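Right, one structure below, let's go through it.
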Amino acid sequence: MSEIVSEENIKYDAGNYDVIVVGAGHAGCEAALAAARMGNNTLLLTINLEMVAFMPCNPSVGGPAKGIVVREIDALGGEMGRNIDKTYIQMRMLNTGKGPAVRALRAQADKHAYHRSMKKTIEEEPNLTLRQGIVDSLIVEDGECKGVVTYTGARYYSKTVVICAGTAARGRIIIGELRYSSGPNNSQPAIKLSENLEELGFKLKRFKTGTPPRVNGTTIDFDETEEQPGDAEVNHFSYETSDEDYLDVKNQLSCWLTYTNETTHKIIRDNLDRAPMFTGVIEGVGPRYCPSIEDKIVRFADKSRHQLFLEPEGRDTDEYYVDALSTSMPEEIQKKMIRSIAGLHHAEMMRPGYAIEYDVVDPYQLKPTFETKVVKNLYTAGQTNGTSGYEEAAGQGLYAGINAGLRAMGKEPFILKRNEAYIGVLVDDLVTKGTNEPYRLLTSRAEYRLLLRNDNADIRLTEKGHALGLISDERYQKFLAKKEAVEKEMNRLNHLRIKPSAEVNAFVQEHGDKPLKDGVIAAVFLRRPYVTYHTLLKFMEAPKKPLGRRVIEQVEIRTKYAGYIKKAEANVERLKKMEAKKIPLNIDYSAIDGIATEARQKLEKIQPRTIAQASRISGVNPSDISILSVYIQQGRIAKTK
Amino acid sequence: MATTTDFDTIAAISTPPGEGGIAIVRISGDEAFEVINKIFKGKDLTQVPSHTINYGHIIDPDNGSDVDEVMVSVMKAPKTYTKEDVIEINCHGGIIATNKILQLVLTYGARMAEPGEFTKRAFLNGRIDLSQSEAVMDLIEAKTDRSMKAALNQLDGNLSSLIRKLRQDILDVLANVEVNIDYPEYDDAEVVTTNLLSDKAKELSIRIQKLLDTSKQGKVLRDGLATSIVGRPNVGKSSLLNHLLHQDKAIVTDVPGTTRDVLEEYVNVRGVPLKLVDTAGIRETDDKVEKIGVDRSRKAIQSSDLVLLVLNASEHLTEEDKELIELTKNAKKIIILNKTDLEQKLTSEEIKSIVGNDESIITTSAIKDNGTEKLEEMIAHLFFNEGIESSQNDVMVTNARHISLLHQAKDALASVLDGIDAGMPVDLVQMDMRRCWDLLGEITGDSYNGELLDQLFSQFCLGK
């Protein structure tokens, strides 16, 4: 560790900023770019410039729920969507056989290209300074954050600070019997910042995550595995990326599917006494949705095999990521495990998998803006808030960056609600429910997922992004034109009739329906499962100007699923009524006898702002909510001051 | 200043009004001890341990006279029904003494409790949850042992456990759908197709319908089975009525000063509470031996769940009888061939030839009591054995809110099937399945937060 000869002399004033962002991972990059683009003079500090937007775990972006977050980030003027569109090596739409709400775009990333591209974007951003430095402490006066101090003694002052420390926060890597203080991928950890946060009164928790070993692709027997190529159909994350830029399938790299087997499982079982997961060495809580392989084998002992995906880490490397083989077994055992797997019998392991423990700010200490309740003008985002995943981090970074930027500009905060965006679900879940494990977004966490679709993120959020100054006027105009085209065509379909011509009836009967007797409204006809917008065009006149495919997509989805969309909207209305029931800020829960002790403690800790938010706190039961509502309505709240 | 719950002290007679046995006057609230100490002669009740019973006398402090010899239960907060201080005065009963004690309690600081207010406090003070408090309310209003049992079962959570079983089954399906969505490449979870969902929805719908079927019984248990006795004058309606009433089965006995007609409406026939419709009409027509008003009979029949049609076996069918048979054509009824102790001029066979073989016909002689046993058996049989499976006999849905939620839950399942028919994808169709789950959860008061995810993670081994 570092040694300082003179505490006194080393310190110096290094400059004034509007916003300082600590950490340049996926959260920090979005936070810094958003704050800067809104017009704030912004400083982005990172432990290591080689780690800007680095992917220490799987080389991919998107997937169920996560892919929608990337689209939301893009609609709000964030960078992740554009950056992955520039650097992907494979693109796939998942869940195509299911409804529109759960379709999920996922890209395999060239992780080095991704890092380089993001770093360059940041370097070129006018209001943004990127600098290497480890933040040791915060400058806090009278409960307000005024800046940061780095290990080199630099004192940076600012109006607001955003901490996105990721797994560097007092990180500790564990591989079998080996453990050492480290950030992700053997980078330097941030030790003193955690200590400083504790001194300031923050409650920190310990979480754990892990990553699998990497192998050399030239030593993989790919013919023993199953190829998973990318899609031919054009799809990008960013609404700005043009369809022409899409990579041909032949220019995309494939992933490869293989499986563990009984031999692999035996190797693991025989060495469980050396597995830190089970010897008590690992104290942090790991994620259930992304368990280590040793965990899977113990918990699901009757399964004879587990899927593994071999994923290329980039174009200029032969390193392959062995997805779903996350482990912290000793290196020696990891090698044996790998060699037992089809396709990997001759594989050379390039780096071992490891578990990493790190500090997390228990998110009940956050307001719905991600400003901390403990220190004013201080914000946190990303893994620091207890989440996992690049997309979750980026979404939060953007959100915290926007709010830190708004505060620095003296403006009202920006809040996304559960019915507006997955980012809103994520924020509300964290600040309302907290989390006992690294939090991952799932579509099932969103009550209104039919409204929070992959295809309509722009319609939901572009307006907001523009109002924040993060979406250009040019892009906004394009968006408005699209929106108008959708409305117009939907209106037209609601007035046009499909006539019962011989042609139409032949088509209808071909699909097992009865022939039409009278004309049918085109929109109603479109609701039949076998009818698409294009079939509709065969039987009715086309719009004067041909529509783009994104417009057609909206028209189809909004027409076909209108009934369900309406139901979801009715649910949102119910939510809004509950959101309208505000809980007074000075409420004294101890004065309300009827509330169960656990619920009272949770309510006191989280301080929900509305009855709706209170009802989402786990441990607060419907009966507690009824009592709380009754007391608020009866004005029986303690008015202490 | 921090205000507390600021509930005042309430009191009421907490046993049903009636002669004999003991009666209990219950007091609940912060001032319960203050009140009792003013009117109790015996130990200082503030000094005795909680949850003890203490002998003494209630006196009228005005003149020092003894009102009654009593046992007083002392229960200090919070381990009481309402979570407040509770005093229960067990007095010797007798409406006058009990009323006098209540009057004293009210005079010395308590307020008369509103119906159900103790339960309301138990709920507001967090002692019981909503569905339990509903059950308590039903219990208070229960009219027979049988309905008492239904209410008690619900209180113990029998209904809750049935509903929870339903919800768990729905959750299993939902979790599977969610795994398919969130882990599309995961090959271990069964892919939930709309076919599978359709089968499940149908099965669940049947189970909910069975619960709903019990609600008809449940409603009867709570409200009584509206029953009318019809027949022309002098066929024996009155004696039948008297027979039913005079078997010590009347649930609410005579209390002096209350209206006889209202109180006598309910009788308990082998656990089935009969609410007798228009008993005044029966007496009137029989007393005055006048031609019955057909309109009056029609009204009684229309507002009844069960009609007891009384015919005179010692006379041939008259035009009036035939008119009544016609009026009751579509009603659930029991035909009583009365006065079989006299010479018979009308037989069961003859009536069957008119009304058909499916109708229940019994012969009685109300005066000599033979056959009335059969009538009671038949009423109980009609009520308990029709359309209800014996396994569910002990769980009956009696609460209006629960019934309405079950109906909505069933409608949601119907929407699942509609969606599947319309070719909608699984993840949309499951919205209605999830709604069904939410609605059922409202019955038990369970929130669903996190449950689904816990299910997901405990059942499936998830990787990528």
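What translational diffusion coefficient, in µm²/s and rounded to a whole number, does the Stokes-Einstein relation yield for segment B:21-100 at 10 °C and a viscosity of 1.306 mPa s, taking the hydrodynamic radius as the Kirkwood radius over Cα pairs?
In µm²/s, the coefficient is 126.
Work out the charge dipole of the protein assembly as shown with +1 on the Cβ of Lys and Arg and -1 on the Cβ of Asp and Glu about the Cα centre, then indicate which of B:241, A:525, B:82 is farthest towards its positive end.
Ranked along the dipole, the leading option is A:525.
How big, in percent, is the set of alpha carbon pairs in segment A:95-190 lying more than 21 Å apart?
Of the Cα pairs, 59 percent sit more than 21 Å apart.
Could you work out the helix-only [θ] at 222 nm for chain A, with each DSSP H run of four or more residues adding -39,500 (n - 2.57) and the total divided by the number of residues, to the nearest 500 deg cm²/dmol?
The helix-only estimate for chain A comes to -10000 deg cm²/dmol at 222 nm.
For chain A, what is the convex hull (Cα atoms) projected area averaged across all directions, in square nanometres?
33.5
Between residue A:10 and residue B:168, how many nm apart are label points set 7 Å from Cα along the C-beta direction?
Placing both labels 7 Å beyond Cα along the Cβ direction yields 6.0 nm.
Mind jotting down the three principal axis lengths of segment A:43-134 based on Cα atoms? Whole angstrom, largest first.
Taking the Cα atoms of segment A:43-134, the three principal extents are 47, 25, 21 Å.
Ratio to report: Rg/Rh of segment A:466-573, with Cα atoms as the point set and Rh obtained by the Kirkwood method; give two decimals.
Computed over Cα atoms, the ratio is 1.07.
Lys/Arg Cβ at +1, Asp/Glu Cβ at -1, dipole of the protein assembly as shown taken about the Cα centre: which of A:306, B:212, A:608 is farthest positive-ward?
It is A:608, whose Cα lies furthest towards the positive end.
Distance between Cα centroids, segment A:115-176 to segment A:78-93: provide it in whole Å.
Result: 26 Å between the Cα centres.
Which whole-Hz ³J(HN,Hα) couplings does segment A:234-239 yield from phi under the Karplus relation 6.51 cos²θ - 1.76 cosθ + 1.60, θ = phi - 60°, glycine and proline marked x?
Whole-Hz 3J(HN,Hα) from phi for segment A:234-239: 6, 8, 10, 7, 7, 6.
Taking amide H positions as placed in the peptide plane 1.01 Å from N, state which residues far from residue B:68 in sequence (5 or more) or on other chains have amide H under 5 Å from it.
Amide H to amide H, under 5 Å and 5 or more residues apart or across chains, residue B:68 pairs with B:58.
If you wrap a convex hull around the alpha carbons of segment A:78-127, what volume per residue comes out, as a whole number of Å³?
71
At q = 0.06, 0.10 Å⁻¹, what base-10 log of I(q)/I(0) does the Debye formula yield for the protein assembly as shown when every alpha carbon is treated as an equal point scatterer in vacuo?
-0.66, -1.25
Which trypsin sites (Lys or Arg not before Pro) in segment A:316-401 pass both tests, a DSSP loop state and at most 13 other beta-carbon atoms within 10 Å?
Loop-located and lightly packed - none at all.
Is the C-alpha gyration tensor of segment A:139-276 telling us rounded, prolate or oblate? Criteria: a/c under 1.5 is rounded; beyond that, a/b larger than b/c is prolate, otherwise oblate.
Cα axes put segment A:139-276 in the oblate bin.
Once you charge only the Cβ atoms, +1 for Lys and Arg and -1 for Asp and Glu, what is the size of the charge dipole of chain A about its Cα centre, to the nearest 20 debye?
Using only the charged Cβ atoms, the result is roughly 2640 debye.
Take the alpha carbon atoms of segment B:67-107, find their center, do the same for segment A:283-301, and report the distance between the two centers in whole angstrom.
Spelled out, the Cα-based centre of one part sits 59 Å from the other.
Taking θ as phi - 60°, what are the ³J(HN,Hα) couplings along segment B:303-317 by the Karplus curve (6.51, -1.76, 1.60), each to the nearest whole Hz, with x for Gly and Pro?
Working through the residues one at a time gives 8, 10, 8, 9, 10, 9, 9, 9, 10, 8, 6, 8, 9, 6, 4 Hz.
Would you mind checking which residues have amide H under 5 Å from residue A:44's amide H? H placed 1.01 Å from N; only 5 or more apart, or other chain.
Hits under the 5 Å cutoff: A:21, A:129, A:130, A:131.
Which far-off residues, 5 or more places away or on another chain, put their amide H under 5 Å from the one on residue A:90, with H placed in the peptide plane?
A:108, A:253
Per-residue HN-Hα couplings for segment A:6-19, Karplus 6.51 cos²θ - 1.76 cosθ + 1.60 at θ = phi - 60°, whole Hz, x for Gly and Pro?
Rounded to whole hertz, the list is 9, 4, 5, 6, 5, 6, 8, 7, 10, x, 10, 9, 7, 10.
Give the distance, in whole Å, between the Cα centre of segment A:204-236 and the Cα centre of segment B:339-359.
When both Cα centres are located, 86 Å separates them.
Using the Cα centre of the protein assembly as shown as origin and beta-carbon charges of +1 (Lys, Arg) and -1 (Asp, Glu), tell me which of B:33, A:509, A:286 is placed farthest towards the positive end of the dipole.
Farthest towards the positive end: A:509.
Here, each number is a calculation from the coordinates, and none is a lab measurement. The shown structure was predicted, so the numbers you read here are calculated from the model rather than taken from an experiment. Note that each Cβ is placed from the backbone with ideal geometry, even for glycine, and that neighbours are counted across all protein chains shown.
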